[in-house]
Each structure stands twice: as C-alpha cells, then as structure tokens.
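Okay, structure first, notes after.
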Amino acid sequence: MTPRMRVPLFPLPNVVLFPGQVLPLYVFEPRYRALLARVQASGEPFGIVRIVQSRESSPLPFHQRVAGTGTLAHLTRAETHEDGTSSIQVVGGERFRVQDFDLTHPYLSAEVTPWPLAPDPLGQPVTDAYARRLLSGLLRLRPGDAEALREAAPQDPLLVASFAAALLPLSDGQREQALEAPTLPDRLKTLLGFVPEDGRELN
C-alpha cells in the first residue's frame, strides 16, 4: 500500500505541473510566505494543484475548488526581497492524489498519496516510438522554432511528454488529462491526440 504524506499546497490557476518541468513563482501573500518558510526549514516538497473554479465563479470553499490531482514541487532556488516577498524556482516531481485536506494552517495543506506511473506494458521501444512521434508533431507544428526546440528537447520519454505538454496549445483540462494518464505510453498517446492536425501532417 502506498504510504500517505502530508504536504503544503500551492494552488494556482491555469497551471498543471509535470515531472521535470521548471516553474518560477513569485511568493507575496503572507500565507504562502509561511509555506515557503516551512519548506525551506524542512527541505520537504510542496504540492502544486490547479484551481479549477475561481472565487468569482463558485461559492464553494477554496479546498473544494482545486483539483484532486497534483504534482510535488521541489524547491531549487529562492531569493527573498527586502519587502519580504520571494522569487523562487521549483522543479516538478512525482504526481499525487489528494486524500484529505488539512485546513489547520494559514495555507491549504493535504494528506496525499504518491501516484507513480504504472509499469509500462508495451516495452521501451514502443514508448520511445511514441515519444519520437510526439516530438515530430511538435516540430511540424512550430516550424519557425524547430531548430531551437530540437536542441532543447530531452531524450527521456517521460521528459519529452512534459516538454510537449508545456509547448502544445492545450487547455488546462487537457494538460490535467495527460498528467492523469495511467502509464507513460498512455500519457504520450494522450498528448499525441491533442496535436493539432497541422502537426500530424508530413511536410
């Protein structure tokens, strides 16, 4: 049975963090300054979850307006400014499922279960082929950036999926669907299905 863990949460609108993605954040609210102080003191990660409904669009409490799936964020850089705000950088780690929210802190916190990708049933060559097709579709979709994208593209299929998820013209819901795919081939296939027709055609 996968052990549960308690993590502070940093909910964000329009953000779905994938493994290996680098995300800069500006921390200015007092509650998130407290979250950052906790993370810096303990060395623990915190969770990035998407705000699904805004306060203006829903009367529900805050914890009922965020996604039940998120990604662990590992702090890699933090610069505190004279006014007490901070510019930080995190990198995405493992995804998780929220089991229960903790409302006892100034910031939202939760008991979560890590949610690793299921074992790949198709074998590495098939996964590699999906990753190559996804990258090719991305390059065809953005021919003006093809050279730079080719140089920046990772080799690891897991990171190829994260790379494409950041660059494809996807909705928040589509990114969340890709994040929640059960296996890595499923994630790659999901993203391939979101590649616009222009990216699927040969030059």
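Summary of computed values
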quantity	calculated
Residues (of a type outside the set (Val, Ile, Thr), part of a helix (DSSP H, G or I) and in contact with a strand residue (DSSP E or B) (Cβ under 8 Å, 6 or more places away or on another chain)) located in the stretch 19-74	Tyr32, Arg33, Leu35, Leu36, Arg38, Gln40, Phe62, His63
The stretch 140-168, subset out of contact with any strand residue (DSSP E or B) (no Cβ under 8 Å at 6 or more places or on another chain) and under 19 Å from Leu12 (Cα atoms), residue least open to solvent (accessible area, probe 1.4 Å)	Ala165
Cβ-Cβ under 6 Å pairs, at least 6 apart or on other chains, the stretch 181-197 side open to solvent by 40 Å² or more (accessible area, probe 1.4 Å), far side in a helix (DSSP H, G or I)	Phe194/Gln174
Filter result (under 12 Å from the mean Cα position of the chain (by Cα) and under 15 Å from Arg133 (Cα atoms)) within the stretch 165-176	Ala165
Residue within the stretch 11-30 that is surrounded by 16 or more Cβ atoms within 10 Å (Cβ to Cβ) and closer than 18 Å to Asp100 by Cβ present	yes
Among the candidates Val91, Val112, Val126, residue that is of a type outside the set (Gly, Ala, Ser), open to solvent by 50 Å² or more (accessible area, probe 1.4 Å) and in contact (Cβ under 8 Å) with a residue 40 or more places away in the chain	Val126
Close pairs (8 angstrom Cβ cut-off, 6 or more residues apart or separate chains): farther than 10 Å from Leu17 by Cα in the stretch 61-72, open to solvent by 20 Å² or more (accessible area, probe 1.4 Å) and modelled with pLDDT under 90 anywhere	Phe62/Arg55; Arg65/Gln53; Arg65/Ser54; Arg65/Arg55
Unmet requirement for Glu56, which otherwise passes all of (1) in contact with a Lys or Arg (Cβ under 8 Å, 6 or more places away or on another chain); (2) within 20 Å of Asp172 (Cα to Cα); (3) of a type in the set (Asp, Glu)	(1)
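To keep it simple, each residue is scored yes or no on (1) in a helix (DSSP H, G or I); (2) polar (S, T, N, Q); (3) touching a Ser or Thr at 6+ places or on another chain (Cβ under 7 Å).
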{"site": "Thr113", "(1), (2), (3)": "no, yes, yes"}
{"site": "Asp120", "(1), (2), (3)": "no, no, yes"}
{"site": "Leu134", "(1), (2), (3)": "yes, no, no"}
{"site": "Glu151", "(1), (2), (3)": "yes, no, no"}
{"site": "Leu159", "(1), (2), (3)": "yes, no, no"}
{"site": "Gln177", "(1), (2), (3)": "yes, yes, yes"}
{"site": "Pro185", "(1), (2), (3)": "yes, no, yes"}
{"site": "Leu192", "(1), (2), (3)": "yes, no, no"}
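The values are calculated or read from the model by the stated rules, or taken from the named source; none is laboratory data. Fair warning: this is a prediction, and the values are worked out from it, not measured in the lab. Glycine also receives a Cβ, built like all others from the backbone with ideal geometry; neighbour counts cover every protein chain displayed. Ligands, DNA and RNA are stripped out before the accessible areas are found, and what is left, the full protein with its side chains, is counted by its heavy atoms. Shrake-Rupley method; radii C 1.70, N 1.55, O 1.52, S 1.80 Å.
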